[in-house]
Structures are given as C-alpha cells and as structure tokens.
1. Under a point spin-label approximation (7 Å from Cα along Cα-to-Cβ), what is the ASP238-ALA143 distance to one decimal in nm?
2. Could you pull out every residue, at least 5 positions away or on a different chain, whose amide H is within less than 5 Å of the one on MET172? Hs are placed 1.01 Å off N in the peptide plane, and Pro or chain starts have none.
3. Using a 7 Å offset from the Cα along the Cα-to-Cβ direction at both ARG165 and ASN222, what is the distance between the two label points in nm, to one decimal?
4. In the range 132-207, which GluC sites (Glu not before Pro) are in a loop and have at most 12 other Cβ atoms within 10 Å, using DSSP for the loop call?
5. Modelled label-to-label distance, THR190 and ASN176, 7 Å Cα→beta-carbon offset: nm?
6. Between LEU112 and ASN158, what is the FRET efficiency for a Förster distance of 22 Å, r being their Cβ-Cβ separation, to the nearest 0.05?
7. To the nearest 10 Å², what's GLU33's accessible area with a 1.4 Å probe?
8. Quick one: which residues, 5+ away or cross-chain, put their amide H under 5 Å from the amide H of MET215? H built at 1.01 Å from N.
Amino acid sequence: MRGQQPDEEQLHAWLDGQLDAETARCVERWLAEHPAEAAKVEGWRQDARQLRLALHQQPVPMETPQPSQLRQRVRQQRQWKAAAAFALVMTLGVGGWSGWQLKNVQMAQTRLPMEDAMQAYKLFGSATAANLDVVSAGEGELASWVQRYFINGTLPPNLEQFGYRLLGARLMATDNGPAALVMYQSPEGTRVAWYIRPIEPVKLPHGERRASDLMAQYWSDNHYNYALVTPSEDTQLDGMREAIRQSTS
C-alpha cells in the first residue's frame, strides 16, 4: 500500500497492532503526512482506552471486547451525546449555555498546572517494574510505545548525560484522553518523571511550580501538554532543569 491512503479497516488494524511491519510503517508515514486524519485516529485510540478502563471497573467479571467492538460502541455513544447536547442547548438557550461556558473557563483557570503529573509521580515514583506498562530496554522501544499512543507527540528526552536511565512508562487516563508517565532513575535511586497529556482543557505557557517536595516544569506544543517532575530539594538536578528550560523555550 506504499503511497496509498489506508482504508478504515487498515487504520483499525494498525491501532490494534495487527499489521505487518512494512504495512505499519506505510500507515505511520501516511498519518504523519495527514495530521487531520492522524488526529481522528488518535481519537479512536483514546475512546477505546477510556472505554476499556470503564469496563474494567465493573464489579461483575465480563469478557473483554475487541477494540473494533469498543470503537463501534463509542460511535453509538457519540451520536446519543450529540443529540442530548442539542436538546440541552435548545432548553437552556443562549444565555444559559454561555453561563456554562464561563463556568468551564473559571474551573480551568483555578486548576493547578499539571497537578495530575505531580500526583502521577507520587503514585508511581516508587513503583516497581511490575507496576509499569512498559519496561524499557532503550530509547527506541519506548519511543515506539509513545508514538503509538500519542501521534505527533514529542518523544521523551534522553537524560543519560545527567546520569538518569530509562526505567519504563505507565499509561493513564484523563478526562480528555490518555496520558503517560515516563520514569528515569539515577544510580543512587533518585527518580524523575516526564509526563505527557492532551492539550485540553487549556494550552499551558512555559512555567514551573513547587508543591510539597516536588517541582514541575511544564510547557506545551500544538498537540500536548508536558511536564518534568523532579524532587524539589535536590540541587544536583539543577543542570537537568536548566537544560529542559532551554530546550522547551
């Protein structure tokens, strides 16, 4: 299929990891050249991920559906939600709808920047390999994993020059789609984390903040928000922090 547009069946097969290596590379090249289609495919992935998480929280054991079945359910849910949203607009009227928009903006403004990144570090900063979704044998392996879930996303940085090696990564869910925490560790056992999440609900400016014993440096591109979370009192990390400031500014 070199140079050809993949059909929907091939895109779903690519998402599910069912294509051979050569066909998968062709699909990835085509998606890289068509960002609008890549965004649509990423939406399929996020929908399936969130629905899987919801299904796994059910108290009654149930058979895990195939990804294609999940996406069909999501499409049906979207149609229902669109109809419900239209009815809500007609009921509330323009004034009521504007009020809800203002409320959403205010909620976004009061949310602490990348608080989810800091909480993720607290949850998994001391996690063993068994608690990570992927244990990395090197940058290439982890880069492929990140690209599968975050099309057009920036790859995790190489921190080996600062004495930190890759441990692995953990995939998580947010209200707006998947997020990932990538863990690094020094020979002394200190850990730092790189975090990626959807750019919604707000694109973040470059900044940093401290909370408890952690420091988060955060920034955005046109697709995702990012953060580097480090122990705030460790002055040996100042060189790494400065390098992140310069490389993301």
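1. Those two pseudo-labels are separated by 3.2 nm.
2. Those lying under 5 Å, H to H, from MET172 are ALA179, ALA180, LEU181.
3. Result for the modelled spin labels: 3.8 nm.
4. Numbers: sites: GLU139, GLU141, GLU160, GLU188; in loops: GLU188.
Hits after loop and neighbour filter: GLU188.
5. Going by the 7 Å Cα→Cβ label model, 3.1 nm.
6. On the way: r = 29 Å, r/R0 = 1.30.
Rounded to the nearest 0.05, the efficiency is 0.15.
7. Only protein atoms counted, so the area is about 130 Å².
8. Sorted by chain and number, the residues that satisfy this are THR230, SER232.
The values are calculated or read from the model by the stated rules, or taken from the named source; none is laboratory data. Remember, predicted model here, so these are calculated numbers, not experimental data. Positions of Cβ are backbone-derived with ideal geometry, glycine not excepted, and every protein chain shown enters the neighbour counts. When the accessible area is computed, the model is the full protein with side chains, heavy atoms only, and any ligands, DNA or RNA have been set aside. Shrake-Rupley method; radii C 1.70, N 1.55, O 1.52, S 1.80 Å.
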